[in-house]
Amino acid sequence: MPDLRDLYQDVILEHSKAPRNFRELSAANHKAEGYNPLCGDHFTVYVDIDGDSIRDIGFQGSGCAISKASASMMTQILKGKSTAEAEQLFARFHKLVTGAPTANGDQTELGKLAVFSGVSEFPVRVKCATLAWHTLHAALEGKQQTVSTE
Amino acid sequence: MTSVARRLPTVLRPPQAQNIGGFDVEKLRRDFPILKQKIRGRRLVYLDNAATSQKPQAVIDAISHYYERDNSNVHRGVHYLSERATEEFENARQTVQRFINAASASEIIFTRGTTEGINLVAQTYGRTHVGPGDEILVTALEHHSNIVPWQLLRDEKGAKLRVAPVNDSGELLLEEFEKLLSPRTNIVAVTHISNAIGTVIPLRQIIEMAHRRNVPVLVDGAQAVPHLTVDVQALDCDFYTFSSHKLYGPTGMGVLYGKSALLDAMPPYQGGGDMISSVTFEKTTYNKLPYKFEAGTPHVAGAIGLGAAIDYVNALGIENLAAHEHDLLAYATEKVSALPGIRVIGTAKEKAAVLSFVLDGVHPHDVGTILDQEGIAIRTGHHCAQPVMQRFEVPATARASFALYNTREEVDVLVEGLQRVQEVFA
């Protein structure tokens, strides 16, 4: 039986209560909206890209603890990374939360994001954990329409 | 409302309330095999009845019996099994007719559910009566299934969708509703009970107001039929539609009641077998009511299961169920409201079986996951009623909804679960 504490780790609860980079970026040159119609979670991710490097990143919106903490920690880890590194991290993060087999070194790359490993025990919450990442992906690709987790 | 509920002394509740009308809840629970199981090592506390209710053994047996003994196609075979299947199927229609007191069994159309009933009326009566600039009037409490079919019609016809507002308690503003009835209003479509917040709307008054202007009224009764006596003739509604699966019957089954005169004048919904009298390549003559609206082989087992569900409810007495559920709702409202940092959404004077609430600082989705770990099933989200969420300025709510087999002990388990949620998020 999955343990609640595996899902609601202290770091996650802390980020959900005090999300980092929870702001609109006026300098953003990429942005996208993400929406989970199942629960109504709704975020906008703002990215300021210089060349292929993420100079600044922020988000706004509302959602559950998992989606908000995931968005917050995503913005923390991505600042200063290249867009290619961001996409690679998303792929690894997705494997982590869906419980897919991971390659050697994936966990190290994910760093603090490893706290989301408990999500894999709660399949209905995978969409919560990945909403901000899907939205980021859309922002990097320059998609205008709202991305949906459905 | 919250503070009033909080002040209610416990002694106001009679100790024998578990046994209202002489029915014994613990005994009734044994009729529902699914309730015997453990979920995540704990006793299942099923409080998601507004989504779907559990099925008593009598319903499961009726469906099994049909497939084991009577299965055959209806209305066409001359052989013995077809005769028996047809008889069972038509008996179920009569059971429904008596249950909602329709004037005739030919006014009972079997559908896949409430949603199909509404779409049927929108696509037949609606398409022939609503034109450019005409108005369709709904309320702010509607489920998406009583919004979207009318939007499709609106967009096809260039019509307008009007919405009667509710107050901060979730009660329909009757004066506003009446003002919105205009010479261009061609149909009124209203929920009987809000699935999201439990408001019972003043249906008789609404129907009288609409009829004074010769506007027909469709009622979405999905949430009402399991919780109160519905008499379509006394209400004088023009269409009434509901689902079997919220009434202890099988999924994929529903009912549309319509007044004969209206149904007779409406074009068919879908074409196919069973809905015709004769077919040539030049011309088709449609079957009489209700078969005109039942194209294709119907859900025979579903109808029989629904009939068994109604028999089950009738044997208990719907007024007894209503009293029991009312007691549970009052008890749950009091207990949940007494927790710190909880706000009940929907505090109408007339409510049935639904308690919707939000917790400070905790998203409903997280509430649902934590309660699930305790074996408690509730619904979290927008309940397919996003405009209701927008009206109350919440992204979503947590919703506990009650059925005949729920108990005060289960409400206590819910309250303990909510305390656990608050501990996790403290």
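The values are calculated or read from the model by the stated rules, or taken from the named source; none is laboratory data. Here the structure is a predicted model, which means the values were calculated and not measured. Here the Cβ positions follow ideal geometry from the backbone for every residue, glycine too, while neighbour counts run over all protein chains shown. Note: accessible area is taken over every heavy atom of the protein model, side chains too, but ligands, DNA and RNA are not part of it. Shrake-Rupley method; radii C 1.70, N 1.55, O 1.52, S 1.80 Å.
Which of the residues that make up region B:63-103 are assigned to a helix (DSSP H, G or I), closer than 16 Å to residue B:256 by Cβ and among the aliphatic types (A, V, I, L, M)?
Within region B:63-103, B:92, B:96 meet the criteria.
Any residue in region A:56-71 that is farther than 29 Å from residue B:380 by Cα and either touching an Asp or Glu at 6+ places or on another chain (Cβ under 8 Å) or not aromatic (Phe, Trp, Tyr) (or both)?
Taking every residue of region A:56-71 in turn, at least one turns out to be farther than 29 Å from residue B:380 by Cα and either touching an Asp or Glu at 6+ places or on another chain (Cβ under 8 Å) or not aromatic (Phe, Trp, Tyr) (or both).
Determine, yes or no, whether residue B:196 is open to solvent by less than 10 Å² (accessible area, probe 1.4 Å), touching a strand residue (DSSP E or B) at 6+ places or on another chain (Cβ under 9 Å) and under 19 Å from residue B:243 (Cβ atoms).
Answer is yes for this residue.
With the checklist (1) at pLDDT 95 or above; (2) under 26 Å from residue A:8 (Cβ atoms) in hand, flag the one item residue A:55 doesn't pass.
(2)
I need the strands (runs of 3 or more DSSP E) fully contained in region B:278-394, keeping only those with at least 3 residues that are of a type outside the set (Ser, Thr, Tyr) and over 22 Å from residue B:52 (Cβ atoms).
B:342-345
How many residues are buried (at least 18 other Cβ atoms within 10 Å of the Cβ) and under 29 Å from residue B:395 (Cβ atoms) if we restrict to region A:61-87?
17
Residue by residue through region B:380-392, note down the ones that are within 26 Å of residue A:17 (Cα to Cα), out of contact with any Gly (no Cβ under 6 Å at 6 or more places or on another chain) and within 11 Å of chain A (Cβ to nearest Cβ).
Result: B:381, B:383, B:386, B:389, B:390.
Return only the number of the condition from (1) at pLDDT below 95; (2) buried (at least 21 other Cβ atoms within 10 Å of the Cβ) that residue A:1 does not satisfy.
(2)
Only one of these is β-branched (Val, Ile, Thr), more than 25 Å from residue B:401 (Cα to Cα), in a strand (DSSP E or B) and modelled with pLDDT of 95 or more: B:206, B:187. Name it.
After ruling out the rest, the residue left standing is B:187.
It is to be established whether one or more residues within region B:93-100 are of a type in the set (A, V, I, L, M) and within 25 Å of residue B:236 (Cα to Cα).
Within region B:93-100, one or more residues are of a type in the set (A, V, I, L, M) and within 25 Å of residue B:236 (Cα to Cα).
Limited to region B:116-137, what total is found for residues that are crowded, with 23+ Cβ neighbours inside 10 Å and either in a strand (DSSP E or B) or outside the structural domain of residue B:253 (by TED's automatic domain parsing) (or both)?
2
Quick one: residue A:90 ticks every box in (1) open to solvent by less than 30 Å² (accessible area, probe 1.4 Å); (2) within 26 Å of residue B:380 (Cα to Cα) bar one, so which box is it?
(2)
Here are B:414, B:355: which of them is under 18 Å from residue B:166 (Cβ atoms), crowded, with 21+ Cβ neighbours inside 10 Å, hydrophobic (A, V, I, L, M, F, W, C) and away from chain A (no Cβ under 14 Å)?
Just one listed residue meets the conditions, B:355.
With respect to residue B:344, determine if the residue is under 23 Å from residue B:57 (Cβ atoms), at pLDDT 95 or above and either more than 14 Å from chain A (Cβ to nearest Cβ) or out of contact with any strand residue (DSSP E or B) (no Cβ under 9 Å at 6 or more places or on another chain) (or both).
no
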